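One structure is given here, and the rest of the page talks about it.
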Amino acid sequence: MVGGGQLGRMFAVAAAKLGYRVGVFCGSSDEPAAAVASFTVCGPLEDHSAIEDFARRCDVITLEFENIPAETIAVCSRYAPTYPDASVLATAQDRLIEKTTLRDAGLPVTPFAAVRDAVEAIATAATLGWPMIVKTQRSGYDGKGQHRLNTADDAAEVDWQAGGEWVAEAMITFDREVSVIVARTADGRSSTFPVFENEHRNHVLDLTTLPASIPASVETEARRIAIAATECLDVVGLLCVEMFVRGDEVMINEVAPRPHNSGHITMEACATSQFEQHVRAICGLPLGDTSMIVPTAAMMNLLGDLWVEDSPPNWPALLSIDGVSLHLYGKHAARPGRKMGHITGVGNQKEAIAERLKKARAQLSQKT
Ligand code: ATP
Ligand code: MG
Ligand code: MG
């Protein structure tokens, strides 16, 4: 596993369950995945001799984030099959290439245009309309590097130089946001998880619920689009496709070729978790049953904002609530907005579960 964050950590646990030894390549030995790895090799991603030491010890290589330099992946693939491959990463690292590739394959994506400055953004409004949202083409996550432009005046506020190249998108008034995770093997077998419904807060995922409150026809369409995107990009491993639903219409927002935050819900809600499915996919094993094993479920993120210096989160208060499953990533430093862990609940009514999770999260701020 290249990358030492929480996705790598939960992947390593799932792989260990199937009897694998997992090596982790990460920046330092106190990263979340290092604590559960069979071995770690530490170094910057640009350190080719470190990555060689790592790759030499692996039978198959995968990753937990898409912004890995192409040369690093090239080094990996000299020693072991590396999934997803360099071409998938090249596409997923650049919003413009990603959106263009998917659109040219006939898939519905949010209307977009490449822009470089305020003049071009304003000109684009003739086709995209106001409001629009501009995003840096490369290396944005959790809404970083994005600006909503309501009028031409807002375009003047953006530091266009700082972002490099940009993509402008029509602001979609969606009914729901959903995601579909697809697993695909090197010999072309694929399988989707049920559609997850996602709510964001400050551009960061806050709540995922399952099943999504959408008609069966929209569910079928979302799964079809997700599989088509996976095949179009020729992904081996996992691809998460984030989508907007407006009426019967489904359109792609963006894709991520790795386990996804919304998929954490599968650990309690589905017969196979996204992490086990990832292991199965890259190892060429039969893909697991993705069907739900509970009627409904909800997953809520725990961000670093809950950690305040003079009183750490009140874990006993949270753990005293039945029906709340806690996952912590073992991060040493909490920062506002940083993903520190998540909680999941299952049961008959997803709104009630989400309410229970919200109360549980609020308990963390109770003084001991
Ligand atoms: P991450 O990779 O962490 O999911 P990101 O920085 O790549 O985030 P996006 O997924 O593009 O950002 O956008 C973050 C959120 O902002 C979306 O989940 C959605 O709620 C909102 N958003 C983004 N683009 C649009 C759009 N064109 N119309 C309406 N809402 C949007
Ligand atoms: Mg993104
Ligand atoms: Mg996103």
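The values are calculated or read from the model by the stated rules, or taken from the named source; none is laboratory data. None of the values given here were measured: they were computed from a predicted structure. Positions of Cβ are generated from backbone atoms using ideal geometry, with glycine treated the same way; all protein chains shown enter the neighbour counts.
Listing for the model above:
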quantity: Strands (runs of 3 or more DSSP E) contained entirely in the range 203-258, each with at least 3 residues that are within 15 Å of ligand 3 (Cβ to nearest atom) and more than 19 Å from Ala92 (Cα to Cα); calculated: 204-210
quantity: Residue in the range 206-225 that is surrounded by fewer than 22 Cβ atoms within 10 Å (Cβ to Cβ) and within 20 Å of Glu66 (Cα to Cα) present; calculated: no
quantity: Filtered residue count, the range 131-150, keeping only those that are within 14 Å of ligand 2 (Cβ to nearest atom), among the polar types (S, T, N, Q) and either within 15 Å of Pro111 (Cβ to Cβ) or in a loop (DSSP other than H, G, I, E, B) (or both); calculated: 2
quantity: Residues of the range 154-196 that turn out to be assigned to a strand (DSSP E or B), closer than 19 Å to Glu249 by Cβ and within 14 Å of ligand 3 (Cβ to nearest atom), as a count; calculated: 6
quantity: Met292 surrounded by fewer than 21 Cβ atoms within 10 Å (Cβ to Cβ) and within 16 Å of ligand 2 (Cβ to nearest atom); calculated: no
quantity: Residue list for the range 252-289, restricted to those being over 20 Å from Glu64 (Cβ atoms), more than 16 Å from ligand 2 (Cβ to nearest atom) and surrounded by 17 or more Cβ atoms within 10 Å (Cβ to Cβ); calculated: Glu268, Ala269
quantity: Every residue from the range 230-259 that is of a type in the set (A, V, I, L, M, F, W, C) and either over 22 Å from Leu7 (Cα atoms) or not assigned by TED's automatic domain parsing to the domain that holds Phe275 (or both); calculated: Cys232, Phe244, Val245, Val250, Met251, Ile252
quantity: Residue count for the range 137-163, restricted to those that are aromatic (Phe, Trp, Tyr) and within 15 Å of ligand 1 (Cβ to nearest atom); calculated: 1
quantity: Top-ranked residue in the range 136-153 [being surrounded by 14 or more Cβ atoms within 10 Å (Cβ to Cβ) and among the charged types (D, E, K, R); ranked as nearest to ligand 3 (Cβ to nearest atom)]; calculated: Asp142
quantity: Qualifying positions in the range 164-200 - without any contact (Cβ under 8 Å) to a residue 60 or more places away in the chain and either touching a Gly at 6+ places or on another chain (Cβ under 6 Å) or closer than 20 Å to Val235 by Cβ (or both); calculated: Val182, Gly188, Val195
quantity: Residues (more than 16 Å from ligand 2 (Cβ to nearest atom) and either under 18 Å from Ile293 (Cβ atoms) or outside the structural domain of Ile252 (by TED's automatic domain parsing) (or both)) located in the range 198-218; calculated: Thr209, Leu210, Pro211, Ala212
quantity: Any strands (runs of 3 or more DSSP E) falling wholly within the range 280-368 and containing at least 2 residues that are within 30 Å of Thr82 (Cα to Cα); calculated: 325-328, 339-347
quantity: Cross-chain or 6+ apart pairs with Cβ under 7 Å, the range 138-149 first and within 19 Å of Leu89 (Cβ to Cβ), then more than 6 Å from ligand 1 (Cβ to nearest atom) and among the acidic types (Asp, Glu); calculated: Arg138/Asp94
quantity: Of residues in the range 226-251 being within 13 Å of ligand 1 (Cβ to nearest atom) and over 21 Å from Thr100 (Cβ atoms), the one surrounded by the fewest Cβ atoms within 10 Å (Cβ to Cβ); calculated: Arg246
quantity: Of all residues in the range 9-22 being free of Cβ contacts under 8 Å to residues at least 40 places away in the same chain and crowded, with 22+ Cβ neighbours inside 10 Å, the one that is nearest to His327 (Cα to Cα); calculated: Ala12
quantity: Residue among Ala113, Ala125 that is without any contact (Cβ under 8 Å) to a residue 60 or more places away in the chain and more than 13 Å from ligand 1 (Cβ to nearest atom); calculated: Ala125
quantity: Filter result (more than 11 Å from Gln366 (Cα to Cα) and within 26 Å of the chain's Cα centre (by Cα)) within the range 301-324; calculated: Asn301, Leu302, Leu303, Gly304, Asp305, Trp307, Gly323, Val324
